[in-house]
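One structure below.
What follows is calculated from the coordinates using simple rules that are stated; it is not laboratory data. Small disclaimer: the values here were computed from a predicted structure and weren't measured. Methodologically, a virtual Cβ is constructed for each residue, glycine included, from the backbone with ideal geometry; neighbour enumeration extends over all protein chains shown.
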Amino acid sequence: MSGPETLPRRTHVLDLVVLVLAVAGLGIDAYLHADLASRYDPIMADVSQGTLFRLEAAFAALAALLLIIWRGRLTAAFAFLVAAGGLALLLIYRFHDVGAWGPFPNMYEPVWYDKKVIAVVAQAVAALAALYLFVVGPRIGPRVGPHRDRRPRVV
């Protein structure tokens, strides 16, 4: 017999640890962006950098919440896109002066500070964990889809 019923307990523990890492990384990302948003309100074109930070915080919090209550590939993909997208933009604007484009302000900031380093680590951990969850699919927690009754619930 194959499938989730026959997976070793350590696999379920690994999945749970990775889920916790993804949720924690997204939670830290959400907190840091919400905390720093007011500092970046003066940097603006049509949209302020503070508003963009608030959007990142909201998306990261939503992704973390979705991972907790509804586990599946779609949720893992969303979490990955939020974490990896935030990380990519942070690194681009750290190392390259893109300038202002369209409604977005020039967000070039060629310095490292504690909260930025923590954000990089949190986003990288969340992105890798979400990618793992996407690849392996839902093997723990609430089941989604028509086959939810067939697999035992892992507590």
Scanning region 46-97 for residues that are hydroxyl-bearing (Ser, Thr, Tyr) and under 17 Å from residue 134 (Cβ atoms) gives 75
Conditions (1) in contact with a helix residue (DSSP H, G or I) (Cβ under 9 Å, 6 or more places away or on another chain); (2) closer than 19 Å to residue 55 by Cβ; (3) surrounded by 15 or more Cβ atoms within 10 Å (Cβ to Cβ) -> residue 93 fails only (1)
Residues in region 40-63 that are in contact with a helix residue (DSSP H, G or I) (Cβ under 7 Å, 6 or more places away or on another chain) and assigned to a helix (DSSP H, G or I) total 11
- request: State whether the residues of region 18-39 include one that is without any contact (Cβ under 8 Å) to a residue 40 or more places away in the chain and in a loop (DSSP other than H, G, I, E, B).
  value: no
Result of the Cβ filter at 7 Å on region 94-115, keeping first residues that are free of Cβ contacts under 8 Å to residues at least 24 places away in the same chain and partners that are of a type in the set (Lys, Arg) and surrounded by 15 or more Cβ atoms within 10 Å (Cβ to Cβ), at least 6 apart or interchain, is 109/94; 110/94
